[in-house]
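Notes for the one structure printed next.
The values are calculated or read from the model by the stated rules, or taken from the named source; none is laboratory data. Model, not experiment: these values are computed from the prediction. Glycine also receives a Cβ, built like all others from the backbone with ideal geometry; neighbour counts cover every protein chain displayed. SASA here: full protein model, heavy atoms, side chains in, ligands and nucleic acids out. Shrake-Rupley method; radii C 1.70, N 1.55, O 1.52, S 1.80 Å.
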Amino acid sequence: MSFALTPAHAQRLEHLRSRYETPRSLILPLLWMAQTQEGYLSPEALAFVAHETQLCVADVTSVASFYTMFALSPQGHHTIEVCGTLSCHLNGASQLIEALQKTLGITLGQTTADGAFTLKKVECMGACHEAPVVVIDGVYHARQNVQSLTTLLEETRS
Amino acid sequence: MSHDLVVSARFGIANSHTLIVAQAHGAYTQLSTLLAQPPQSLVQTVIDSGLRGKGGGGAPTGAKWQLLEGQAKPRYLVVNADESEPGTFKDRHIIEHDPHLLIEGILLSCHALEAKAAYIYMRGEYRFWHDRLQSALDEAYGAGILGAHSCDITLHRGAGAYICGEKSALLESLEGYRGQPRLKPHRPEPEWLWGRATIVNNVETIASIPYILYKGAQAYRAMGTKESAGTLLFGLSGHVNRPGVYELPFGMPLLEVIETYGGGIRDGRALKAVIPGGASTPVLTAEQAKNATLSYEGMKLAGSALGTGGMIIMDESTSMVDALDNLLAFYRHESCGQCTPCREGTHWASSIVHDIARRQPRSDALPTLKNIARTINGQTICVFGPAVADVINGFLRNFPQEFA
Amino acid sequence: MSNVTLRIDEHTLTAPKGSLLIQVMLDNGLSIPHFCYHEALEADGNCRMCMVEIEGQKRPQIACNTPIKEGMIVRTTTPSIMQTKRAILELELRNHPVDCPICDQAGECSLQEYYMEVGLYDAHVAKSDKIHKAKHVDLGSHVVLDQERCVLCQRCVRFVHDKAKSADLVVTGRGATSVISAVGAFTGNGYAMNVVDLCPVGALTSSDFRFAQRVWFLQSDASICHGCARGCNIHLDHHAIKGGIDTLYRLRPRKNSAVNGHFMCDTGRISYKSLNENRLLEPHVEGHATSFSHTFSLLRRTLDDKSQTIVALVSPHWSLENLASVKLFCARFEIPLFGAHEASIEPSFADEWLRVADRAPNRAGLELLGIDVSPHARDRALSRAQVVLDFGHDATLSSMSTRYYFGTHPHSDAQMQLPVAAYSEESGHLINCDNIVQHYSGSVKRSEPLLSLHALLGLLVMEGAWATQPFWHATLIDMAPSLEGRL
């Protein structure tokens, strides 16, 4: 399977080329486009990015592996991220994680057997005033508790 | 206390993020007048204002800008929107409520710096704020505020790395490398993006520029203290009743801010500790917090640092061992791994404190922890290492009984 | 550039202004523990091991990122800087297994060396605190990685990016779980195995050499790679197990800034195998091993038989001494001698760094000694030759010719074969592609003693002096006066 950008992304890429002095700077924008399209960075996508940036795949993989938001393996349909850093921790993040692990029957970093959810504990999301914060598919949900989270999970599933 | 709002004046206005509303409330009104002025006069106003970088370091902005003097063109401005310091969530409010203030600040700054283009490096988690800022940029391009006759502004999205808030790591990341800090130069010089002289400023710093240039250096200086001029978006989180961001002049008593703005400690409990300016500033005891004021000099006097102004409040129920364990897990996760003392020291310190938290420490846990803190302090490539040392030392020094 | 004077502990040194402090110390033989710094690579400053105290500076500084200045005062042995170095070394060693006795790097390991140097300490690391990583990762190109032994100094990664220009060895992951990885097969553009030399610890080893021999048993000769006309300077590492044959275990690059820097290509590095294996060790006549005296008498008879048309061919693989001896030998018997050229040209071997298309190490020498290299004259002579004295050339001969072969390896199509020493077993001079005259010497001993070509020819003509260096020194300058002062 080969990888190709959607027309919108391809257009965006052309627009961005003139903005950077080197094609190498397109790595992060391209990785984002690829991950948005496929849910993770497939070997084909990495090869595509390497080609577009005139780098070798090892180099692109090295960069991608530095940034924790890039997934180098397939993820669940939905990603649940619970912030565990201090302000969220002080406001009950651990209880949320415990409840989620129980409800979903998985531990941190795992994906449910049906492929619906991947559960992650993440570091400070910059939402300390909305602690504890849970991010589902990139959307921030403020001041969560076990009850609100259960509802949220149901909404996400359906 | 009445004072001007430098960056949050339009926060309360409905749809303030749209161009039309922002313009109706003063955005871009003096832009063309100011862009007609000689760049050096704008730099001078910023120097005179006493503006200090609002990303945590507090370095004088004007002096930083002067590093570009005599440097070849093209030059670049990079705006640091990688806000990732635990306890800090201020820049996102500017982007959410007043992205045009930031854009105007960038246009003015680029003119002052004679920069060809600007890049905004935003943390990857801020997807909503990324989209909001991109919409604002698109609007500004559409309205001709940005475009043919101005510098280009490009929004660049990070992807989950705290260290990219360090300016040289940010530039490495922008260049397409792993976000690892560069070796520090031996004398003051600008930063370098693709080998071009570059200035890196925090979002709030750049968002402060329109106020300073519109109202003059003296108006800004009139607020705050002599050494800490102006205002800052302070953040309150943790065990407070009303967590949030509040733009306040420098120099207010810390406890007053917790009471007045934060609504006091949750559940009527007593204050135990405050991390005053983001996770990397040393923790203060309630006693130390009593006389502390929120300025660069005031926080230094109290035994900590002002940092980003993002305060994490902890009440009497908090275990300090647990809190340090939590913070070290953060630093372990975020150490870039480039230099040995930080890579190994942070991981090791985290394991030791985790053992203490599980009540299974080795007999030499504390002396080893102190040794690690000493070794990573000042002997690493960037300030991440010393920050970890400060965090460890702050907890051990101020709450020794809990680690005994 | 102007020089500056500085003090390092009790030493007063002078060096060019702006030189890196660490390089000045290394150049002057002063001890300075370091992992990430290597003079062939740009300073990276990641290991933080080369800490020194500099008067006037609040904190210790890394010597690899400190340009020297006039009057600088540097201290490397105060109790506080020793404590700093000990503490950093402890962090370097945190995940490192303490198993030197079974490590291949033992004896040439910086960790081991510095551990002794900065002082021992009690182990503070709980075993459970160590991060466990992969012990045996085959990266490709004979390079094996032990991630637990790695101190992440990135010499290998920087070499691959900056020198080999292949970027197929990288760091993946972040923080304490960072590892060196090859995504796909590691080729290093044909220079992969240099990372084994660069690795200051036992993390990168050569699967070709790994556990073959303890380094302290090895005898090392200063030689020149014969794989192409670059003439990379090398160490020949060899060892004879008691009563066994002397065996080459590896070739390693030997620093020469004018030729190969610190490096050599993988093809050259692996080329030692042919020096151990499948060698021609005894004279052969018509495919059967025989004695030197028998072979010599047959050969002399041919040389004295003026009815036969004899032509000699010599390859550009020999040293100047050997080429000169062939020339003298042929002159004495009035045998037309031709040098062979085109066979060793292999355009696909060339790259933009060290490798050149000419796979022979001494073409320039052949030409300098005035040996006829014109293909036309040679082909005309060969077409009439009844006997061809073939000095290692291996040309295809017409069916009417008989080949008398002088070489290091058996020849399948030769009436007579005379074994001579390979370059690992003798000394000599070569002229490389940049016209640089280089000396090599090898002391590998075969169980059947082999003579250098020039000494063998000396025996044939009963000239004892042909076995001596001074004779060739004078003869070479006589043949090519431009060699004066270059040998």
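If one puts a single equal scatterer on every Cα of the range B:348-404 and applies the Debye formula without solvent, what log₁₀ I(q)/I(0) results at q = 0.16, 0.29, 0.30 Å⁻¹?
Result of the Debye calculation: -0.46, -1.23, -1.28.
In vacuo Debye scattering of the protein assembly as shown, one point per C-alpha: log10 I(q)/I(0) at q = 0.05, 0.07 Å⁻¹?
-0.42, -0.73
Share of antiparallel DSSP beta bridges in chain C, in percent to the nearest 5?
The antiparallel proportion sits near 70 percent.
Of the DSSP beta bridges with both residues in chain A, give the percent that are antiparallel, rounding to the nearest 5.
55 percent
Cut-off under 16 Å on the C-alpha distance; same-chain residues fewer than 8 positions from B:Lys90 excluded. Which aspartates and glutamates are left, in chain and number order?
Once the sequence-local aspartates and glutamates are set aside, what remains near B:Lys90 is A:Glu130, B:Asp82, B:Asp98, B:Glu125, B:Glu204, B:Glu247.
Note down the magnitude of the dipole of the range B:153-249 about its Cα centre, charges +1 on Lys and Arg C-beta and -1 on Asp and Glu C-beta and zero elsewhere, to the nearest 20 debye.
Its charge dipole is roughly 80 debye.
Considering only DSSP beta bridges where both residues belong to chain B, give the percentage that are antiparallel (nearest 5).
About 50 percent, rounded to the nearest 5.
Can you bin every Cα-Cα distance in the range B:1-151 into 5 Å intervals starting at zero and give me the percent of pairs per bin, rounded to whole numbers?
2, 8, 17, 22, 22, 18, 9, 2, 0, 0
What is the mean projected area of the alpha carbon convex hull for the range A:78-157, to one decimal in square nanometres?
Quarter of the Cα hull surface area: 4.3 nm².
Toward the positive end of the charge dipole of chain B, about the Cα centre and with charges on Cβ (Lys, Arg +1; Asp, Glu -1), which of B:Ile265, B:Thr375, B:Phe234 goes farthest?
Farthest towards the positive pole: B:Thr375.
How big is the Cα convex hull of the range B:234-315 in projection, averaged over all directions, in nm²?
4.2 nm²
Once you charge only the Cβ atoms, +1 for Lys and Arg and -1 for Asp and Glu, what is the size of the charge dipole of chain C about its Cα centre, to the nearest 20 debye?
The calculation lands at about 740 debye.
For C:Arg155, tell me the accessible area in Å² from a 1.4 Å probe, rounded to the nearest 10.
Accessible surface of C:Arg155 is approximately 20 Å².
Can you give the FRET efficiency for A:Thr156 and B:Lys116, using 1/(1 + (r/R0)^6), R0 = 45 Å, r = Cβ-Cβ distance, to the nearest 0.05?
With a Förster radius of 45 Å, E is 0.50.
What average count of beta carbons from other chains do you get within 10 Å of the Cβ of residues in B:329-338?
The per-residue average across the peptide is 6.
So which aspartates and glutamates pass the test for A:Lys121, namely a Cα distance under 12 Å, with those fewer than 8 places away in the same chain ruled out?
List returned: A:Glu81, A:Glu98.
At what distance in nm do the modelled label points of C:Gln57 and B:Glu402 sit from each other, each positioned 7 Å from its Cα along Cα→Cβ?
For the pair C:Gln57/B:Glu402, the computed spacing is 3.7 nm.
What pairs from B:Lys167/C:Lys163; A:Lys120/B:Lys167; B:Lys54/B:Lys167; B:Lys116/B:Lys167; B:Lys167/B:Lys370 go past 22 Å between their alpha carbons?
As for pairs spanning more than 22 Å Cα to Cα, those are B:Lys167/C:Lys163; A:Lys120/B:Lys167; B:Lys167/B:Lys370.
Percent of Cα-Cα pairs more than 36 Å apart in chain B, please.
Roughly 24 percent, once rounded to a whole number.
Write out the cysteines belonging to chain B for which the nearest other cysteine Cβ is not under 4.7 Å, or none if no such cysteine exists.
B:Cys164, B:Cys336, B:Cys339, B:Cys342, B:Cys382
Which distance in Å, rounded to a whole number, links the C-alpha centroids of the range A:15-53 and the range B:116-162?
18 Å
Run the quick spin-label model on C:Arg384 and C:Ser291: label points 7 Å from Cα toward the beta carbon, then report their separation in nm to one decimal.
Computed distance between label sites C:Arg384 and C:Ser291 equals 3.8 nm.
Given labels modelled 7 Å from the Cα in the Cβ direction, how far is it in nm from C:Ser441 to B:Ser32?
Using points 7 Å along Cα→Cβ, the separation is 8.5 nm.
How big is the A/B interface in buried accessible area, both sides summed, 1.4 Å probe, to the nearest 100 Å²?
Chains A and B together bury approximately 3900 Å².
Rounded to the nearest 0.05, what FRET efficiency do C:Phe333 and C:Glu367 give with R0 = 22 Å and r taken as the Cβ-Cβ distance? Could you check?
My answer for the efficiency is 0.45.
Please state the relative contact order of chain C as a whole percent: Cα pairs under 8 Å, 6+ residues apart?
11 percent
Using a 1.4 angstrom probe on the protein heavy atoms only, could you order B:His149, C:His454, C:His294 from most to least accessible area?
From most exposed to least exposed: B:His149, C:His294, C:His454.
Can you list the lysines whose alpha carbon sits under 16 Å from that of C:Lys17, skipping same-chain ones fewer than 8 residues off?
Candidates past the 8-residue exclusion: C:Lys69.
How big is chain C by the Kirkwood estimate over distinct Cα pairs, in Å?
After inverting the pairwise mean of 1/r, the radius is 25.5 Å.
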